[in-house]
Amino acid sequence: MTTTRTGGCLCGQVRYAIGADPVVSRICWCRDCQHLSSNGTVNVIFPSEAIEITGTPAAYTSGADSGNQVTRRFCANCGSHLFADSTGRPGLTVVRVGTLDDPSSVKPSANIWTASAPGWACLDEGLARSEKQPAPLKPAVS
Ligand SMILES: [Zn+2]
Ligand SMILES: [Zn+2]
């Protein structure tokens, strides 16, 4: 059974509800993510259509290390990063796990872009590892 997950930004102007199961959850150490979060980002991917957003996040698009164009959405008021959409991953949206009301409700299965992780990064030996961008995900078909 699918549980609905909810979450939002720090100030509460942007909220969301997700009525689908996660496709995958991973920790990303690309340099872009380090700029956003000062660390690796913990991400969970859902079918985009399952995410219902209240409020209007601002957006910033740039070319990622993977070669894809990535649009990141964040609260214009408090700056919290919430979502990312990539041209390499149509139909799927990344949600930043720390913005979920219950971040423990998902469990990352892999560290990705470990080649650019800082020397002090603590990488769980029990998780899968990808030095750079892992193979593309197939969009979930509903
Ligand atoms: Zn906010
Ligand atoms: Zn990243």
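The numbers here are math on the coordinates, done by the rules we state, and not lab data. This structure is a prediction, so every number in the text was calculated from the model and none was measured. Because the Cβ atoms are built from the backbone with ideal geometry, glycine has one as well, and the counts that use them run over all protein chains shown.
From the C-alpha coordinates alone, can you work out the Kirkwood hydrodynamic radius of the chain, in Å?
It works out to 15.3 Å.
How many percent of DSSP beta bridges within the range 22-130 run antiparallel, rounded to 5? Intermediate results must be reported in sequence, preceding the final value.
Numbers: 23 of 29 bridges.
Of all bridge pairs located within the range 22-130, approximately 80 percent are antiparallel.
Counting pairs of alpha carbon atoms under 8 Å apart in space and at least six apart in sequence, what relative contact order in percent does the chain give? Working shown, then result.
Details: 302 pairs, mean separation 37.5, N = 142.
Answer for the chain is 26 percent.
What is the dipole size for the chain, taken about its Cα centre, with +1 at each Lys and Arg Cβ and -1 at each Asp and Glu Cβ, in debye to the nearest 20?
Working: 12 positive and 11 negative charges, 31 e Å.
Result for the chain is approximately 140 debye, rounded to the nearest 20.
Which of GLU131, GLU125 has the fewest other C-beta atoms within 10 Å, and how do the rest follow up to the most? Let's see the in-between values first.
Values: GLU131 13, GLU125 6.
Lowest to highest Cβ neighbour count: GLU125, GLU131.
Per-residue counts of other Cβ atoms within 10 Å, averaged by peptide: what ranking do you get for 35-48, 55-68, highest first?
Put in order of decreasing packing, that is 35-48, 55-68.
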